[in-house]
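Below you'll find the structure, written out as structure tokens, and then a few comments.
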Amino acid sequence: MNVLNQFKEHIANQLPFLLKGKILLAVSGGLDSVVLTKLCHDLDLNASLAHCNFNLRGAESDADEDFVMNLAEDLDLEVFVESFDTENYAKENKLSIQMAARELRYDWFTELAEQLQFDYVLTAHHADDNLETFLINALRGTGLDGLLGIPEVNGLFVRPMLPFSRESILDYATKNNLKWREDSSNASTKYLRNKLRHDVVPTLKELNPQLLQSLSKTQNYLQDSKIIIEDAMARIQKKVVSVDDDKILIDIKKVHKLSEPKVYLYELLKDFGFTEWNDVVNMLDGQSGKYVQSNTHRLIKDRKHIIITELLDDDGFESVQINEADELVELPTGTLSFEFVDGIHTDSRSSVFVDKDLLKYPLTVRKWEKGDYFYPFGMTGKKKLSKFFKDEKWSVPEKEEVLLLVSNDDKLIWILNSRMDNRFKVTDNTNQTLKISFRNET
């Protein structure tokens, strides 16, 4: 069976949704993407072309663009072209050229699909690309997910040529007199993928001529193993993981009771971007307050839990001023209310009663700062907030989120929803009692 019939059969059996979808083909002008374009055209799929000019090879990059434009004209297909300043983007974002180009093209493909309502974006990755990815991930120690290779369907992106070898694609192109562009950078072995392609894979194929087929079987076995692991982890998660607002809590005691705590901890945390696994594992027996950070999340060791919190854009909490006439004040996390009352009616942590005449306006709501202190209600002496938080066993996220209500003379009135300052308490000499309440938006 020739490549076209194999491709047609593969689409019909495994990817039938492509037959009715609106498709965008990522076309570099190289062998693989030209063959993908020809196959999709011959199957009469509803396809348009998209070409990225990364401006990395001067006239050669421009010639690639011209080639794709001509290919689209010859096949009477719609084509989109975007030019990128890849080198500058890489510098600004501290990325390698390869990673910058990848980020630029996938972002653009996604944007095109959203704006013009393409159902899928097809790329020309094939079986040899998958082998190279497997070897790269094996060398980097990326774990089971990395060994599964390139997914055939990943949301918007579909790789229908994954079952085909580079050899079969070249044979098809030659027999059909197709023309394509050769990227001169593919000959360089300074990149790991190219070095594997030119120096390692040929030797592996000499040792095992059925290497691609063997890899496919291995990855099928690994995929089956992943399903079993995911089923087991779903049961474990119910036992050891809980959610508290925007925090995920892992019960340390329960993790220690598992047969292999380190392995289970890895599976629980692998999707949060952590790479320093020795530091992560050490948190199981580390001191409270220790933390490890990834690009997106942070782990904090508490007394009983490892706490996972998302890293938010740190644009800082801007202090809010409160005037004497204000009755309701909106804060990012809730609402402060002020009302005069005749007496003390409740002992809720969300409300305090203060002597109005002792307040110096304007009041301020702000984050706590190093060196802050107060006179805890019910005590005679003063205490630093850092010591108060430690004695109360507050976690790092709790300390980071806490807000203070402060008088204009910089005296702390109230740690919102926690403890008020003894200096503002209502006494027999109080003429005006002010009830201050904080209602959290959650």
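The values are calculated or read from the model by the stated rules, or taken from the named source; none is laboratory data. What you see is a predicted model, and the numbers here were worked out from it, not measured in a lab. Counting neighbours? That spans all protein chains shown, and the Cβs are built from the backbone with ideal geometry, glycine included.
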So is LEU170 part of a helix (DSSP H, G or I), of a type outside the set (Lys, Arg) and farther than 30 Å from GLY58 by Cβ or not?
-> no
Enumeration of residues in the range 49-62 that are within 36 Å of the chain's Cα centre (by Cα) and either exposed (fewer than 15 other Cβ atoms within 10 Å of the Cβ) or not in a helix (DSSP H, G or I) (or both) | LEU49, ALA50, HIS51, CYS52, ASN53, PHE54, ASN55, LEU56, ARG57, GLY58, GLU60, ASP62
The listed residue being in contact (Cβ under 8 Å) with a residue 24 or more places away in the chain, loosely packed, with under 15 Cβ neighbours inside 10 Å and under 30 Å from PHE274 (Cβ atoms), out of GLY155, GLY143 | GLY143
Residue tally, condition surrounded by fewer than 11 Cβ atoms within 10 Å (Cβ to Cβ) and closer than 22 Å to GLU401 by Cα, over the range 234-265 = 3
Working only within the range 81-100, note down all residues that are surrounded by 16 or more Cβ atoms within 10 Å (Cβ to Cβ) and closer than 21 Å to LEU36 by Cα.
-> GLU82
Search the range 324-346 for residues being of a type in the set (A, V, I, L, M) and not in a strand (DSSP E or B), and hand back the single one that is farthest from the chain's Cα centre (by Cα).
-> ILE344
Any pair with Cβ under 7 angstrom, 6 or more apart, that starts in the range 1-15 at a residue that is under 16 Å from HIS41 (Cβ atoms) and ends at one that is surrounded by 12 or more Cβ atoms within 10 Å (Cβ to Cβ) and hydrophobic (A, V, I, L, M, F, W, C) = VAL3/PHE164; LEU4/LEU39; PHE7/LEU39; LYS8/LEU43; ILE11/LEU18; ILE11/LEU19; ILE11/LEU43
Being surrounded by 19 or more Cβ atoms within 10 Å (Cβ to Cβ) and closer than 26 Å to LYS8 by Cα narrows it down to one of PHE164, PHE134, so name that one.
-> PHE164
Any idea how many residues of the range 421-440 are among the aliphatic types (A, V, I, L, M), more than 14 Å from VAL365 (Cβ to Cβ) and under 47 Å from the mean Cα position of the chain (by Cα)?
-> 1
Please indicate, with yes or no, whether at least one residue in the range 191-211 is outside the structural domain of ASP271 (by TED's automatic domain parsing), in a loop (DSSP other than H, G, I, E, B) and under 32 Å from the mean Cα position of the chain (by Cα).
-> yes
Kindly state which strands (runs of 3 or more DSSP E) lie completely within the range 398-442 and contain at least 1 residues that are in contact with a Pro (Cβ under 7 Å, 6 or more places away or on another chain).
-> none
For the range 144-183, the count of residues that are small (Gly, Ala, Ser) and over 15 Å from LEU31 (Cα atoms) equals 3
Find the residue count for the range 34-48, including only residues that are crowded, with 22+ Cβ neighbours inside 10 Å and acidic (Asp, Glu).
-> 0
Just give me the residues in the range 401-417 being more than 22 Å from SER351 (Cβ to Cβ) and either without any contact (Cβ under 8 Å) to a residue 12 or more places away in the chain or crowded, with 21+ Cβ neighbours inside 10 Å (or both), in sequence order.
-> ASP410
Would you call ASP66 without any contact (Cβ under 8 Å) to a residue 60 or more places away in the chain, closer than 26 Å to PHE7 by Cα and surrounded by fewer than 21 Cβ atoms within 10 Å (Cβ to Cβ)?
-> no
Residue tally, condition farther than 19 Å from LYS382 by Cβ and surrounded by fewer than 18 Cβ atoms within 10 Å (Cβ to Cβ), over the range 418-428 = 1
